[in-house]
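Reading through the structure tokens given below for one structure.
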Amino acid sequence: MLLNRLTRVLERARREEEGAALAAVIGLMATSLLLTGLIASSVVSSTAVTSSVRADVQSQAAAEAGVAAARAGLINGTCPTSLNRYASATGATPAFVATVWVPSGSSWVRGCPVLGQQARILSTGYASSPGVAGASAENQTSIEVVLSSVVGTTGIDASGPAIYSYSANGFGGSGALTAVNGSQPSVMVKTGSLDCGGAGSGAMSFVVESGALTIGGSCNIAGTAWASGRITHTGGASVGGNLVGAGVTMAGSSRVNGSIWSTSDLTMTGVPTIGGNVTAATMNVVGNINGNAWIYGSTTMGWTTALQGNLTTKTFSTPSSSFVRGTVTTTNPNTPAASPYATPTRPVVPNWVDFGYDKSKWIGFTEVVLTGAQCDFTSVQTRLAATGSADVLLDARNCGNFVLSDYLSLSISGDLAIISNKFNLGGSGRITASSPARLWLINPDNTADGVPTCAGGQQFSFGGSFSLSDNISAMMYSPCKIEIGSSTRFRGQVFAGVTNVAGAASIGYVPIGLPGVDLNTGATTAPAGSESNRTVLSSRNVAVGN
């Protein structure tokens, strides 16, 4: 009995222990499952974060590479040909798309900037290893970079002659050139033979590149005259320097204070005078030569001739050898050796420069465009006054005729370039400046063919007692004929298809030049500023890219 009771007690205890153990096991299993879930969640979250950080770094670097590519394109001048878009090659890393933008009012539009404009680069970069587990926000990054405009000097070389006339046809007048602050005024004619009756008076050099030159009337040249053809020097006109031509004729009381070089003959009649030496192929003279003569062929002297120095020639014919004050040396049958008197170097006559309307060349200038209703004097003065002391590019091509006359006085406060198809400046009109200023009066040549193209309706008239204040230096440019009227006085220079300086007009030579070109040679020049001069005004990541 006792044994049975003990057995039942033990059996009940065993069953109670088994229940407790099962509860413990179940608790341990639940805990393990919870820990496993937490660990798995942590691993997934960590992988997403890691891939997102990696994608962010890669897309940021790619976007910056796009900015660098667009910047290099601007500097290298490939923006127009690339259609203002730069993209990495297919499959390349880093992968990017960058675009270039220009200002348009208060916003931006796709385009290629000129130096005077700001520029905006918008670049989107793409991660080479995108984020995982839904972490895609950093797979691409967009950057906006705003670059400054290039504002500095205008890139204008103060170059060119006092008067340039592409054609000799119609060149003339009786005006005078004067030097200003040591300048050396010159007259250059590119094509044709020229009869100078006075328009070159005062020139330190006078060059006719492809033709003959006749010097007469009041065409008193202060310096040296060159011509590819014959030079004929008549009347009472004087040349303060030398004559260099393919044949020289002197007549009447003409005078050359310097020397003469002729690849052909020297012929003198009347009572002309040469102050220096003579080098020529032949010489047949009546007159006075105060220096020496070196003649490769024959020399003939008439009565009343006087050669103060020595004569070297192949053959010599004269009524009296006493006409030569120095030593006579003949080399017949041989030709004399090279002349010891070196021929002066002829100045370069530049080719014609086709200069049209291109605001990008006027670096630092504020463009003001006139419409037909804004071309009267009051409107022009108001528009200029609104710019303050800024340098202004005034586009008056829509005005038809830019007129300033009837005692009207246009006031400017900075440099001013007026581009117009027609100028009519006269009637005692005036342009004044509050401080020293440069003025460009330009008929555009819109045909890039290396010769002046005077379009229908173009004209340039500067006369009728029109004046510029003494602190203004002016460049007058036209592919047509520029007429400088009687009694007109100004400082500056003229570059034209044909030039006529009439009456008692006077030009005080001050070189001004044109932007982007060297008027001494006709060659183009680099602007004073360049794309590499832009600075970064702002750089930021943006939500919306390309």
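The values are calculated or read from the model by the stated rules, or taken from the named source; none is laboratory data. These numbers were taken from a predicted model, which means no experiment stands behind them. Virtual Cβ from ideal backbone geometry, glycine too; neighbours counted across all protein chains shown. Just so you know, the surface numbers come from the protein's heavy atoms only, side chains and all, with ligands and any DNA or RNA stripped out. Shrake-Rupley method; radii C 1.70, N 1.55, O 1.52, S 1.80 Å.
List the residues of the range 435-468 whose backbone N lies under 14 Å from a point placed 7 Å from the Cα of residue 411 along the Cα-to-Cβ direction.
In the range 435-468, the label zone of residue 411 (backbone N under 14 Å from the point 7 Å along Cα→Cβ) covers 435.
Would you kindly find the accessible area of residue 399, with a 1.4 Å probe and non-protein molecules such as ligands, DNA and RNA excluded, rounding to the nearest 10 Å²?
30
Taking every DSSP beta bridge that has both residues in the chain, what percent is antiparallel when rounded to the nearest 5?
Percentage antiparallel, nearest 5: 20.
Once both labels are modelled 7 Å past Cα along the beta-carbon direction, what's the residue 179-residue 369 spacing in nm?
Label-label distance for residue 179 and residue 369, simple model: 4.6 nm.
What is the packing order of peptides 484-495, 453-464, taking the mean over residues of other C-beta atoms within 10 Å and listing the highest first?
484-495, 453-464
What value, in deg cm²/dmol to 500, does the helix sum -39500 (n - 2.57) over DSSP H runs of n ≥ 4 give at 222 nm once divided by the residues of the chain?
It comes out at -5500 deg cm²/dmol, rounded to the nearest 500.
Suppose each label sits 7 Å from its Cα in the direction of the beta carbon; what would the residue 195-residue 85 distance come out to in nanometres?
The two pseudo-label positions are separated by 6.5 nm.
What number do you get for the chain when its Cα radius of gyration is normalised by 2.2 N^0.38 Å, N = residues?
1.75
May I ask for the angle, rounded to the nearest 10°, between helix 2-76 and the longest principal axis of the chain, with both axes built from Cα atoms and the value confined to 0 to 90°?
Tilt relative to the chain: about 10 degrees.
For residue 158 and residue 389 in the same chain, what is the full-extension length gain: residue separation times 0.36 nm, less their Cα-Cα distance, in nm?
Going from the current span to full extension adds 81.0 nm.
Using a 7 Å offset from the Cα along the Cα-to-Cβ direction at both residue 325 and residue 448, what is the distance between the two label points in nm, to one decimal?
6.0
At 0.36 nm per residue, minus the direct Cα-Cα distance, what do residue 107 and residue 540 gain on full extension? Give it in nm, one decimal, please.
Extending this stretch completely gives an extra 154.2 nm.
Quick one: accessible area per residue over the chain, 1.4 Å probe, rounded to a whole number of Å²?
That works out to 44 Å² for each residue.
Between 448, 339, 315, whose Cα lies farthest towards the positive end of the dipole of the range 314-473 when Lys and Arg beta carbons carry +1 and Asp and Glu beta carbons carry -1, centred on the Cα centre?
It is 315, whose Cα lies furthest towards the positive end.
Listed highest first by mean packing, meaning other Cβ atoms within 10 Å per residue, what order do 81-90, 184-193 come in?
Highest mean packing first, the order is 184-193, 81-90.
Would you mind putting 467-478, 284-295 in packing order, based on average other-beta-carbon counts within 10 Å, highest first?
284-295, 467-478
At a 1.4 Å probe radius, carbon and sulfur cover how many percent of the accessible area of the range 225-290?
C and S fraction of accessible area: 53 percent.
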